[in-house]
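Asker: Mind having a look at this structure? Questions to follow.
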Amino acid sequence: MSRRHLPTLTAMQCFEAAARHLSFTRAAEELNLTQSAVSKQVAQLESVLEHPLFRRVRKRLQVTPEGSLYLTEVRKILAQVEMSTRYMQSYGGQSEVLNITTLPTFGARWLIPRLNGFRFRHPDVYLNISNRVEPFDLDKERVDVAFFFGHGAWPKAECIKLLDEEMVAVCAPDVIPAGGVQDPLALTSMVLLQSATRPEAWHNWFKAQDLYTEHSYHGPRFDTFSMTLRAARAGCGVALVPRFLAEEELTAGQLTTPWEFSLTSRDAYYLAYPEHKAEQVKIRGFIDWIIEHLESSERPEKASTCRAAHALTAIAEAP
């Protein structure tokens, strides 16, 4: 369908209002249009879709099955348009938006706590932060800064290493046997909680201790580290997670390490940004802020240009 044959926003607004009120007259009153104008807009919409959206039953409107299906999509579209419009209206004329993507748990637990105060130093920069777990093109997606876990390579981007990943086993204190854990293999009796993005994690953890168990891949599997941590807190088993993501629960005593052994991952956490945007003030300001607010033990390595074509496959979702 060419763009000139796409329905207008006015037509979708008329359809949505008529479907909500089940009345062209009341929809017209809400939209400050005539009843005939609303009816005409809906008719044009039905012509474009080649499906009836309403039917009359005893002089009352009813939404057809096709209309109900389309109504769901129309409401999403109108909500997005409204949100985007209000989003832009809230900015001053000199404001800039900085589009940032991050891994879910990493963003919630590591990034967000480090953002407090940024808006006061950079009042004209508005952060737009979203979660991304799949590989994508920075330019095509119009992303300014991306936080990712991998080898530190991203096509046509500069990358800054933030921190390594130290994997530790954690569980709720009350699931540890009375006599404690005498060896790592004893953890298999407590249920090994699996992370979908680290399918080899338990196998590698045991292997690093010269151990093998057929249970390395057995246990409930979770999409994010947030879910894995929550399952561990609930007593569902023992999780293998990055230590820095579990610090809050470990400090509060909600989780404990049943076996004190940690395995440093070969990959690490990085910040990436398009190399052709390197001198943009908003990006430089944000990068400087992040580096400044790294803890003393988390010093970034010098940025390097990353051009490896295979890099995107290494951008696995950590949290």
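Read-outs: derived from the displayed coordinates by stated rules, not from any lab. Since this is a predicted model, take the numbers as computed values, not measurements. Every residue, glycine as well, gets a Cβ built from its backbone with ideal geometry; the counts of neighbours run over all protein chains shown.
Asker: Give, as a single signed number, the net charge of other residues whose beta carbon lies under 14 Å from the beta carbon of Val281, with Lys and Arg counted +1 and Asp and Glu -1.
Answerer: It works out to a net charge of -1.
Asker: Something else now. With 10 angstrom as the radius, rank Ile100, Ile129 by how many other C-beta atoms surround their C-beta, starting from the fewest.
Answerer: Ile129, Ile100
Asker: Let me ask something else. Run down the aspartates and glutamates and flag those whose C-alpha is under 20 Å from the C-alpha of Lys277, throwing out any fewer than 8 positions away in its chain.
Answerer: Straight-line reach from Lys277, under 20 Å: Glu96, Asp124, Asp137, Asp139, Glu141, Asp144, Glu158, Asp288, Glu301.
Asker: Which helices count as membrane-span-like in the chain under these terms: full DSSP H, at least 24 Å along the axis by C-alpha, Kyte-Doolittle mean of -0.5 or more?
Answerer: 65-89
Asker: Could you check how many percent of all C-alpha pairs in the chain are farther apart than 23 Å?
Answerer: Tail of P(r) above 23 Å: 68 percent of Cα pairs.
Asker: Going by how many other beta carbons lie within 10 Å of each one, how would you line up Arg114, Arg60, Arg233, Arg198, fewest first?
Answerer: Neighbour counts put them in this order, fewest first: Arg60, Arg114, Arg233, Arg198.
Asker: Report the Cα centroid-to-centroid distance between the stretch 205-263 and the stretch 1-41 in angstrom, as an integer.
Answerer: The stretch 205-263 and the stretch 1-41 have Cα centres spaced 54 Å from each other.
Asker: Normalised by the number of residues in the stretch 3-89, what is the relative contact order in percent for Cα pairs under 8 Å and 6+ residues apart?
Answerer: Reported relative contact order: 27 percent.
Asker: With the chain treated as a Gaussian network of Cα nodes joined by springs under 10 Å, which of Glu141, Glu158, Glu29 yields the largest mean-square fluctuation?
Answerer: Glu29
Asker: Among Val38, Tyr70, Val57, which residue has its Cα positioned farthest towards the positive end of the charge dipole of the stretch 3-89, with +1 placed on the Cβ of Lys and Arg, -1 on the Cβ of Asp and Glu, and the dipole taken about the Cα centre?
Answerer: So the residue furthest toward the plus end is Val57.
Asker: Any aspartates and glutamates with Cα under 19 Å of the Lys207 Cα? List them, leaving off those in the same chain fewer than 8 positions away.
Answerer: Cα-Cα hits under 19 Å: Glu165, Glu166, Asp183, Glu260, Asp267.
Asker: To continue, here is another question. Counting only DSSP beta bridges with both residues in the chain, what percent are antiparallel, rounded to the nearest 5?
Answerer: 70
Asker: Just tell me which lysines come within less than 25 Å, Cα to Cα, of Lys76; anything on the same chain fewer than 8 places away is out.
Answerer: List returned: Lys40, Lys140.
Asker: Once the other residues with Cβ under 10 Å from the Cβ of Val38 are scored (Lys, Arg +1; Asp, Glu -1), what is the net sum?
Answerer: With Lys, Arg at +1 and Asp, Glu at -1, the neighbours total 0.
Asker: Right, something else. Taking other Cβ within 10 Å of each residue's Cβ, how do Glu66, Glu275 sort, fewest first?
Answerer: Ranking Glu66, Glu275 by Cβ neighbours within 10 Å, fewest first, gives Glu66, Glu275.
Asker: Follow-up. For Val125, enumerate residues with amide H under 5 Å from its amide H, sequence gap 5+ or separate chain, H modeled in the peptide plane.
Answerer: Distant-sequence amide H within range of Val125: Glu96.
Asker: Okay, next question. With springs only between Cα atoms under 10 Å apart, run a GNM on the chain and tell me which of Ser216, Ser195, Ser47 wobbles the most.
Answerer: Highest fluctuation of the listed residues: Ser47.
Asker: How much net charge surrounds Ser23 when only other residues with a Cβ under 15 Å from its Cβ are counted (Lys, Arg +1; Asp, Glu -1)?
Answerer: +4
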